[in-house]
Amino acid sequence: MPAPRAPATAAPSTCPPSWSSVVAIASVVLAVMYGQSRILMSMSRDGLVPRVFERVSPRTATPVAGTLIIAVVFAVPAAFASLDSVVDLCTVGTLAVMAAVNIAVIALRRRRPELPRTFRVPLNPVLPLLGVGFCLYLMYETGWTTWIQFAVFLALGVLVYLGYGRRRSRLAALTPAADAAERAPSAV
């Protein structure tokens with residue numbers, strides 16, 4: 001006789017995860033981890049994070065050191081946090097990035113219309129605004145504890161930027177304001 005199954009109305013945290021859900025979550029986390037290592041590689045080239053993330057293995061042409069650092073940064077909290085909180089935090093972070101991309105599409109198409117475009121955005125700005133709205137709604141549905149965790153990680157990111165990236169940014173060095181600040185006499 002088969003074992004009784006949990007009722008369909010049971011909360012996800014009371015049901016043990018199935019093998020397929022564990023594999024699905026692991027594959028999403030792996031994809032996010034690899035994506036993050038490439039994002040950090042680009043940020044390192046811009047001077048926003050340490051240059052260790054910029055290093056590429058000559059044998060595999062991949063950012064091995066960055067991938068290992070990201071793996072440790074992902075693994076340590078995941079070892080002590082519940083699966084639900086890891087999934088919720090990954091979800092809210094991904095949705096925040098997607099909302100920012102939608103906002104950036106609108107901003108860049110208005111501020112820099114001369115840039116070459118590799119893709120079209122039908123019904124611009126309606127579809128990007130809908131994308132922002134849907135992302136914000138789904139983020140709202142994750143719950144207040146996820147928002148607190150997200151705020152902590154966001155604050156850590158801002159601190160890293162202010163403490164490290166702001167002074168070392170190669171893009172900031174190219175702006176006219178940075179050039180004017182360098183030429184101005186210092187008041188010592």
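The values are calculated or read from the model by the stated rules, or taken from the named source; none is laboratory data. As the structure is a prediction and not an experimental result, all values here were calculated from the model. So basically every Cβ, Gly included, is an ideal-geometry build from the backbone, and we count neighbours across all protein chains shown.
For the range 53-76, residues that are part of a helix (DSSP H, G or I) and surrounded by fewer than 13 Cβ atoms within 10 Å (Cβ to Cβ) total 5. Consider the range 140-150 and keep the residues that are surrounded by 11 or more Cβ atoms within 10 Å (Cβ to Cβ) and not hydroxyl-bearing (Ser, Thr, Tyr). The one that is farthest from Ala81 (Cα to Cα) is Glu141. Listed by first and then second residue, the pairs linking a residue in the range 88-113 that is in the same structural domain as Trp144 (by TED's automatic domain parsing) to a residue that is modelled with pLDDT of 95 or more and among the small types (Gly, Ala, Ser), with Cβ atoms under 6 Å apart and 6 or more places separating them unless they lie on different chains, are Asn102/Gly131.
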